[in-house]
Amino acid sequence: MSKRRDARVRGDDQESRLALADAWTPKVGEARAHALGLTLGPRHWQVICAAREEYAAGGRAPSMRRVALRSHLAIEDLAALFPPAPAEIIARLAGIAGGGGLAPERSARALAR
C-alpha cells in the first residue's frame, strides 16, 4: 500500500467509512448475504449486530476477538457461520468498511466482485 493511500485510509477516509456505516440497514445486510449465498439466522444477526456495536463504539473495524466477546460466541463459531473468510464477510454484511482489525479494505473489495 502506498504511503498516500495508507494515510487516506487511516485519516481522511474515516469520515467516509462512518458515513457508509450510517447508511447501512438490515435490508442491505440481507441483500449482501443473499449475494454471497448465505441465509441469515438469529446467530448471524447476533454477530452482525455485535460487529456494528463495536464499530460504533470504537470508530474502526473491531477485531474478531472483540466481535466474538460481544456476541458471546467463540471465534470458531464465527468461522462456521461465515465461511470461508469470516472477518471479511462479517464486515461486508455489517456495513463496515475496511481499515482496522475485522476487514482490511483490500479483502472487502475482493468480496464485492
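Readers should treat all values here as calculations from the given coordinates under stated rules, not as data from a laboratory. Quick caveat, the model's predicted, so the values are computed rather than measured. Backbone-built Cβ (ideal geometry, glycine too); neighbour counts: all protein chains shown.
Summing +1 for each Lys or Arg and -1 for each Asp or Glu, what net charge is found among the other residues whose Cβ lies under 13 Å from the Cβ of residue 40?
Values: positive: 27, 32, 43, 92; negative: 30.
Charge balance in the 13 Å sphere: +3.
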Quickly work out the residue 85-to-residue 25 label distance, labels modelled 7 Å from Cα along the C-beta direction, and quote it in nm with one decimal. 2.8
Output the peptides 65-77, 84-96 sorted from most to least packed, where packing is the average of other Cβ atoms within 10 Å over each peptide's residues. 84-96, 65-77
